[in-house]
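The values are calculated or read from the model by the stated rules, or taken from the named source; none is laboratory data. The structure displayed is predicted, hence computed values, not measured ones. Positions of Cβ are backbone-derived with ideal geometry, glycine not excepted, and every protein chain shown enters the neighbour counts. Protein only, heavy atoms only, side chains kept; ligands, DNA and RNA dropped before computing areas. Shrake-Rupley method; radii C 1.70, N 1.55, O 1.52, S 1.80 Å.
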Amino acid sequence: MDNKPHYQGHRKRLKEKFDEAPSVLADYEILELLLGYSIPRKDVKPVAKDMLMQAGSIGSIFNIDYQNIEGAGKETERFFRIVAEFYNRVENAYYETKQVLSGPEQIYRLLKYDIGFAENENFAVILLNSKGCLINKKILTEGVVNSAIVYPRQVAEYALKHKAVSVVIAHNHPSGDSTPSKKDIELTETISDSLAAIGVKLRDHIIVCKNEYSSLFDLGYMVE
């Protein structure tokens, strides 16, 4: 008689299914495979489905409250934080090889896992050289929801320190709605004027959310 837990056979079949055709697996099945590495001796299908239900979609999986997921402890939360950091570093490594940052979507990809899933509002600055390649990036301030405090002087000093030719600023909206507010527009104008005074151009202001972004330049709030 086979006394092996039922989930062991299921997990084996799921891995074989992945090996044959990864694209046919449902989102919760992909989560099952991942969870198998942080919860090795348990049926993780219910955990995977609970995670997906709370997230709403697999694209929001890094923004859930693990305390509300039965069977998902600290190790599972840490595991998915590691996965998010891995994605973040993959994106960063690409642009650190002197790739030109030519548009807002690239900026969004560069910052999505840095600030897009954050519960609080963070403000980031990206510095570019004369060719539009990445020099440096930094989360300049972190705050509570909707209140990251930013001083234009901080942005200007950071740009001068690294000899940037142009700058892109970005912050997240924890609400998930990337629509710029009146304060966002006013801050863009203030920082643009501050940078212009030292001969540095503000190229864009990107609002980063977990599933979307907005470019104030594309929306017409900034002049060429």
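Listed peptides 211-220, 114-123, 15-24, 163-172 appear in the order 163-172, 114-123, 211-220, 15-24 once ranked by packing, highest mean of other Cβ atoms within 10 Å at the front.
In the full protein context, segment 77-134 carries 51 Å² of accessible surface per residue, based on a 1.4 Å probe and ignoring ligands, DNA and RNA.
Over the chain, what is the relative contact order in percent, taking alpha-carbon pairs closer than 8 angstrom and at least six residues apart? List each step's numbers first, then the result.
Values: 319 pairs, mean separation 32.5, N = 224.
Worked out over the chain, it gives 14 percent.
Each Cα pair under 8 Å and six or more residues apart adds its separation to the average, and for segment 157-224 the resulting relative contact order is 39 percent. I'd like the orientation of helix 6-20 relative to the chain: the angle between its Cα long axis and the longest Cα principal axis, in ° from 0 to 90, rounded to 10. Here the helix axis deviates by roughly 50 degrees. Remark on the chain: ratio of C-alpha radius of gyration to 2.2 N^0.38 Å is 1.23. Across the alpha-carbon set of segment 164-224, the Rg to Rh ratio works out to 0.98, Rh being the Kirkwood radius. Helix content alone sets the calculated 222 nm mean residue ellipticity of the chain: runs of n ≥ 4 DSSP H residues at -39500 (n - 2.57) each, divided across all residues, give -13000 deg cm²/dmol. Within the listed set TYR158, TYR28, TYR94, the Gaussian network model of the chain (springs between alpha-carbon atoms below 10 Å) gives the highest mean-square fluctuation for TYR94.
Quote the charge dipole size of segment 106-209 about the Cα centre in Debye, to the nearest 20; the model charges only the Cβ of Lys and Arg (+1) and of Asp and Glu (-1). Write out the running numbers ahead of the final one.
Working: 12 positive and 11 negative charges, 108 e Å.
The calculated dipole for segment 106-209 is roughly 520 debye.
Computed from Cα positions, the angle between helix 27-38 and the longest principal axis of the chain comes to roughly 80 degrees.
Which of the three applies to segment 86-193, rounded, prolate or oblate, going by the alpha-carbon gyration tensor with a ≥ b ≥ c and a/c under 1.5 meaning rounded? Intermediate values should be presented prior to the final figure.
Values: a/c = 1.79, a/b = 1.18, b/c = 1.51.
Here segment 86-193 falls in the oblate category.
Of interest is the spacing of the C-alpha centroids, which for segment 179-224 and segment 84-144 amounts to 15 Å.
Please label the shape of segment 1-121 as rounded, prolate or oblate, based on the square roots a ≥ b ≥ c of the eigenvalues of the alpha-carbon gyration tensor (a/c under 1.5 means rounded; beyond that, a/b larger than b/c means prolate, else oblate). Cα axes put segment 1-121 in the prolate bin.
With the Cα gyration tensor of segment 19-81 giving a ≥ b ≥ c as the square roots of its eigenvalues, does the rule (a/c under 1.5 for rounded; else a/b larger than b/c for prolate; else oblate) give rounded, prolate or oblate? It comes out oblate by the Cα gyration axes.
Computed about the Cα centre, the dipole magnitude for the chain is approximately 720 debye when only Lys and Arg (+1) and Asp and Glu (-1) carry charge, each at its Cβ.
Looking at PRO174, THR190, ALA159, which one has the Cα that reaches farthest to the positive end of the dipole of segment 157-202 (charges on Cβ: Lys, Arg +1; Asp, Glu -1)? Highest projection toward the positive end goes to ALA159.
Give the carbon-plus-sulfur fraction of the accessible surface of segment 9-77 in %, rounded to a whole number; probe 1.4 Å, heavy atoms of protein chains only.
Here carbon and sulfur together make up 51 percent of the probe-accessible area.
At q = 0.15, 0.22, 0.26 Å⁻¹, what log₁₀ I(q)/I(0) does segment 51-92 have when each alpha carbon counts as one equal point scatterer in the Debye sum? Taking Cα atoms of segment 51-92 as identical point scatterers yields -0.37, -0.73, -0.93.
Share of carbon and sulfur in the accessible area of segment 174-224 stands at 49%, probe radius 1.4 Å. So with the 1.4 Å probe, I'd like the accessible area per residue for segment 156-224, rounded to whole Å². That works out to 51 Å² for each residue.
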